[in-house]
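Notes follow the structure.
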Amino acid sequence: MSVARGFRQNSSKESATALTVGAAGAAVFAALGLPVPFLTGSAVAVTVAAIMGLSLSLPAGLANSCILFIGIGIGSSVTPDFLQYAMTWPLSFVVLAGTLVIGVFSCRYALVRLFGFDVNFS
């Protein structure tokens, strides 16, 4: 089986490790009573493990299935009450868009002026 350049095949060990770390993170977040523990707990745990150098991966089909079920879970929580509440958010979205633009240009400025990156690639 060929693997596209830049991608590597994942091993069963890496997949089992990723699933175990994710489940542990979800369990910890659930025990602490944090919101959406099975999404946030697993995401935080896997991110921290990867930053610490642990080799993690999932088969593409399993990862896509997880994304599908997360989307279904999020979508099923949208109710008419939620939509009514969301109507109060436009100002927040405007502020968010503005800070995003400021952040992008600030980072570009820092990369070019402070860290010497090429202006065309930053």
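Assorted remarks:
- Among Leu111, Leu68, Leu96, the largest mean-square fluctuation in a Gaussian network model of the chain (Cα springs under 10 Å) belongs to Leu111.
- Shape of segment 31-71 from the C-alpha gyration tensor: oblate (a/c of 1.5 or more and a/b not above b/c, with a ≥ b ≥ c the square roots of its eigenvalues).
- Gaussian network model of the chain, springs between alpha carbon atoms under 10 Å - residue of Gly103, Gly33, Gly22 with greatest fluctuation: Gly103
- Taking every DSSP helix (H) stretch of at least 4 residues in the chain, weighting each as -39,500 (n - 2.57) and dividing the sum by the residue count yields a mean residue ellipticity at 222 nm of -21500 deg cm²/dmol.
- Each residue of segment 15-29 is assigned a 3J(HN,Hα), and the resulting list reads 5, 4, 5, 4, 5, 5, 4, x, 5, 5, x, 5, 5, 5, 5 Hz, derived from the Karplus form 6.51 cos²θ - 1.76 cosθ + 1.60 (θ = phi - 60°), x at Gly and Pro.
FYI, it's all coordinate maths here, none of it is from the lab. Just so we're clear, the structure is a prediction, and the values are computed from it rather than from any experiment.
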